Amino acid sequence: MVEIERHDYDVIVIGAGGAGLRAAIETRMRGLRTAVVCKSLFGKAHTVMAEGGIAASMGNVNSRDDWQVHYRDTMRGGKFLNNWRMAELHAKEAPQRVWELETYGALFDRTGDGRISQRNFGGHEYPRLAHVGDRTGLELIRTLQQKIVSLQQDDYTEHGDYEARLRVFAECTVTELLLDSGRIAGAFGYWRENGRFIRLHAPVVVLATGGIGKSFKVTSNSWEYTGDGHALALRAGASLINMEFVQFHPTGMVYPPSVKGILVTESVRGDGGVLRDCEGRRFMFDYIPEVFKDSYADSEQEADRWYSDPDSNRRPPELLPRDEVARAINNEVKEGRGTPHGGVYLDVASRLSTEEIKRRLPSMHHQFRELADVDITAEKMEVGPTCHYVMGGVEVDPDTAASRVPGLFAAGEVAGGMHGSNRLGGNSLSDLLVFGRRAGLGAQEYLQQLGANRPEASQSDVDAAARRALAPFDAGESATAENAYTLHAELQQVMNDLVGIIRREDEIRSALELLADLKRRAGDLAVLEGNRQFNPGWHLALDMANMLLVSECVAKAAVRRTESRGGHTRDDHPEMDPTWRRTLLTCSWRQDEIEVTDQEQTPIREDLLGLFELEELRKYFTEDELAGLRDGSP
Ligand code: FAD
């Protein structure tokens, strides 16, 4: 029998990005013994890569901003498919979470009178993103880590042990959740460095594993985003919602090929940058959709005036929500007006002074100089859409972040619902803090109800998890042995080409056939070289099952939703259909197959509906739904 180390906790948080760390801070502050497990180095999560900022209606730059305006923007951005309660909690609590970060030691950029500065971003009516240059995520993670360290120092003072109540297991990958009669009992995984197995026992698991971008070929996401949390939740019996909605950020680098997909922050446009076709034309004026016509400028003059006088002018169309801008760029390239490398131009050089660019966008300046030999203070950037974020995720209770599985919670990008069909920039960092904290509170409440009646994972389940993790070593001798790198490249190509930014039924159906074949071949995945000591080939072989499962969810939900909305564009069903707004698609795991079912949306609470004009609601709701609402304001 293989040797497996064992640890016991109250709560296991899987993921050390913003959501995981905020959840862990909450559980530890409430006295719960907490383990944080992350497959990357501590401090290296997607959160650290976040550039533009964190959205919160503090009203520092425009005092008209408040939670109601933020709520409206979020619902519009998500095309009213959002879980309205999550959007409400998020808009109300985001400012408190940002101020709280300051008390933990975060240093944001300031306004002239010393308040936290806030910048413009797509889809946000007022300047709303608190930021630290274009390195906001770095400051957020640094601050949360500092808070963790200070809690550990408290524990040392009290117990003589820094890790008495909070320990970080870094470079440790969880491969399975352990259950006892359908309730969470712990997690099983391996240390990446030496391949040794580890079992963590606890009645609560908080998933905070981030997204799924590595299933697509062109992506801003790094190696960790293999949909592990999504797959772990499915296999444990939880459901995923909104998996058809994948966000393609409009501006990723397109050249040189080695850096294709790396993000070019939306702050470039928020701070004045504009998109141009190969002849220098600002093409976004041609792409303002009907639902946004009243709020966006229809001439360059008005758009440019908006930067200095936002109250009397409408916003530039470069700041439409991401799904609209990504589709517009895609169309420009398709119609032959793109750049030599298949993107469009993003021009900040002719809009801001060299000094301003270096001050506001230091990372972008550095990134283009180092990776593409382009000086963005003098030349235009070439950009195109890149897979960036998944709106779909674990279906959770909005107030507690609890999933359907007792003891399983989810927060951050791995959770679904908050952003509806499309996330606004900046709304992820605030989501992590609001719902990371709520997951911590939910965990405490669950533990209180559980009392001494704690579930216990069986030895046979642990042994089975170990056998499954070792299976790729046994397959090495087989004549049908498959290489994980080959399979991964094939999967990324399929998802990019057939379930990407623009979709059609026949293409998604071919993708489903190809995915079924890849899944069959994944049964023969083999470690062809090396042993359990740091072996990326083995790690990828284990990640493949997760990527295949979430890709199946995306494709199956995408073929079923016969409309276009947010991050789901169907060429064969180009319109948004109000009857679909009432329907959420739910994915469950049934005997190794994904089953997609329709689920009716809970009607939006009346006082929240009352925040919108009836005329606006007509663009999204069916006549039946509106029938109950009186003329004028609902
Ligand atoms: P992450 O920060 O990704 O953390 C996931 C954690 O889970 C990691 O620690 C990882 O190691 C761990 N993990 C995963 N699987 C396992 C496993 N099997 N076992 C153990 N550990 C595991 N959003 C904004 O709001 N504003 C921005 O300006 C912004 N800029 C962005 C820029 C870039 C380049 C990118 C890629 C994203 C950006 N986003 C932005 C989105 C935002 O950063 C992410 O959505 C968010 O950080 C996700 O946080 P998280 O806590 O959910 O997950």
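The values are calculated or read from the model by the stated rules, or taken from the named source; none is laboratory data. Everything numeric here is computed off the predicted structure, so don't read it as measured data. Please note: Cβ atoms are built from the backbone with ideal geometry, for glycine as well, and neighbour counts cover all protein chains shown. Surface areas here come from the heavy atoms of the whole protein model, side chains and all, with no ligands, DNA or RNA. Shrake-Rupley method; radii C 1.70, N 1.55, O 1.52, S 1.80 Å.
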### Task
Please specify each residue of segment 201-219 satisfying the condition of being more than 14 Å from M547 (Cβ to Cβ) and surrounded by fewer than 24 Cβ atoms within 10 Å (Cβ to Cβ).
H201, P203, V218
### Task
Counting only residues that are surrounded by 24 or more Cβ atoms within 10 Å (Cβ to Cβ), within 16 Å of the ligand (Cβ to nearest atom) and not basic (K, R), give me the strands (runs of 3 or more DSSP E) lying completely in segment 338-451 with at least 3 of them.
381-390, 408-410
#### Entry: Number of positions in segment 21-60 that are in contact with a Cys (Cβ under 9 Å, 6 or more places away or on another chain) and of a type in the set (S, T, Y)
0
### Message
Among the residues of segment 40-87, what is the count of those that are among the basic types (K, R) and under 30 Å from E193 (Cβ atoms)?
### Response
1
### Task
Please work out if G186 is on the phi > 0 side of the Ramachandran plot and surrounded by 20 or more Cβ atoms within 10 Å (Cβ to Cβ).
yes
### Query
Can you spot a residue in segment 242-251 that is among the polar types (S, T, N, Q), assigned to a loop (DSSP other than H, G, I, E, B), in contact with a strand residue (DSSP E or B) (Cβ under 6 Å, 6 or more places away or on another chain) and at pLDDT 95 or above?
no
### Matching residues, segment 114-131, being of a type in the set (A, V, I, L, M, F, W, C) and at pLDDT 95 or above
I116, L129, A130
#### Entry: Residue ranges of strands (runs of 3 or more DSSP E) in segment 1-66 with at least 3 members more than 6 Å from the ligand (Cβ to nearest atom) and surrounded by fewer than 21 Cβ atoms within 10 Å (Cβ to Cβ)
4-8
### Message
Checking the structure you have, find out if any residue of segment 235-247 is of a type in the set (D, E, K, R), more than 10 Å from the ligand (Cβ to nearest atom) and either open to solvent by 40 Å² or more (accessible area, probe 1.4 Å) or more than 20 Å from the chain's Cα centre (by Cα) (or both).
### Response
yes
### Query
What pairs come up if the first residue lies in segment 90-110 and is open to solvent by 50 Å² or more (accessible area, probe 1.4 Å), the second is of a type in the set (S, T, N, Q), and their beta carbons are under 6 Å apart, counting only those six or more places apart or on different chains?
D109/S117; R110/S117
### Message
The conditions are (1) at pLDDT 95 or above; (2) near the ligand (Cβ under 8 Å from one of its atoms); (3) surrounded by fewer than 24 Cβ atoms within 10 Å (Cβ to Cβ), and D228 fails exactly one of them. Which is it?
### Response
(3)
### Task
Go through (1) modelled with pLDDT of 90 or more; (2) open to solvent by 20 Å² or more (accessible area, probe 1.4 Å) and name the single condition V291 misses.
(1)
### Lone qualifier among E266, E355 - being at pLDDT 95 or above, among the acidic types (D, E) and more than 15 Å from E382 (Cβ to Cβ)
E355
